[in-house]
Amino acid sequence: MKIKPLTCAIGAELADIRLGDAAHDDSLFAEVKAALLKYKVVFLRDQQDMTRADHVAFAHRFGELEDHPVVGSDPDYPGLVRIYKSPDKPVEHYENAWHSDGTWRETPTMGCVLHCVECPTEGGDTIWANMALAYEKLPQHIKDIIAPLRASHSIECSFGAVMPIEKRHALKAQYPDAEHPVVRTHPETGEKVLFVNAFTTHLINFHTPANVRVGQDATRGSAELLQYLVDQAAIPEYQVRWRWQPGSVAIWDNRSTQHYAVMDYPPCHRKMERAAIIGDKPF
């Protein structure tokens, strides 16, 4: 297996490898996982011969797969989500936002394996950002402020926003807002990671006796700090951009990255299939 880094910050392309083989070869899988931990997102071309069974089997090497309460799974392959876009299907609200998958869960997604089945000839790229580097580059006084902070993450304000009120309330009842540290520690690398994104609604413990805020500033101080932190993912020096082709695969560590699906391709077809791995509780 050959490894070609794509930027100085994040991302590498893997060559001379069939992902279907890595699903069953312990040594090859270990190489892929080591590259993933180092580069945070890895890419492969020409994986057209990877079957859905291979896809699920490879992702399952990382852990149990998760279903999605809104998008749902392939009936024959639980955990394999079909993300299909077409000219006759309305644009969904979850495009065009920097996010880590499933942070509205108590145990957010560990990582994902995304396979391109069909894509536009132009547009439809995806961008990933290194959120460990984003944390590292923060000013020290910001690191000191956010070290003890926790934040709330909501499915109701994202996937639930387009639903009728009854369905939205039912969705929130099934998935109450989750509370996570603003800075999480990666359980395998030990890196500190900035862990707020488009699913994050507010900082929970910003206003304390040691940090008394007055009047309108009480709300704005917290909201402006959160927006500043969320905006860090948009800094180009932390990013890698991937141009899809049929048969391409991206594997990313959801604990240390955010991604942005660029919605610049209507009215075209774009068919992606994703297997997401259940993660652990951030600390």
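We did not get these values from a lab; they are worked out from the coordinates using the rules stated. This one's a predicted model, so the numbers in the text were calculated from it and none came from an experiment. Here the Cβ is made from the backbone with ideal geometry for all residues, glycine too, and neighbour counts use every protein chain on show.
A compact table of results
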quantity: Fewest-first sequence of Arg220, Arg184, Arg45, Arg105 by Cβ atoms within 10 Å of each Cβ; calculated: Arg220, Arg45, Arg105, Arg184
quantity: Ranking of Phe159, Phe29 by count of other Cβ atoms within 10 Å, fewest first; calculated: Phe29, Phe159
quantity: Simple label model, 7 Å out from Cα along Cβ direction - Arg243 to Asp74, nm; calculated: 2.8 nm
quantity: Gaussian network model of the chain, Cα within-10 Å springs - most flexible of Asn205, Asn254, Asn130; calculated: Asn205
quantity: D (Stokes-Einstein, µm²/s), Kirkwood Cα radius, the chain, 1.306 mPa s at 10 °C; calculated: 81 µm²/s
quantity: Dipole of the chain, positive direction: furthest Cα of Val183, Trp104, Ser248, with charges on the beta-carbon; calculated: Val183
quantity: Neighbour-count ranking [beta-carbon atoms within 10 angstrom, fewest first] of Cys119, Cys8; calculated: Cys8, Cys119
quantity: Distance violations [Cα-Cα > 32 Å] among Lys2/Lys143; Lys33/Lys167; Lys137/Lys281; Lys33/Lys137; Lys4/Lys172; calculated: Lys2/Lys143; Lys33/Lys167; Lys4/Lys172
quantity: DSSP bridge orientation in the chain - percent antiparallel, rounded to nearest 5; calculated: 95 percent
quantity: For region 125-234: rounded, prolate or oblate by the Cα gyration tensor [a/c cutoff 1.5]; calculated: oblate
quantity: Stokes-Einstein D in µm²/s, Kirkwood radius over Cα pairs - region 74-152 at 10 °C with 1.306 mPa s viscosity; calculated: 96 µm²/s
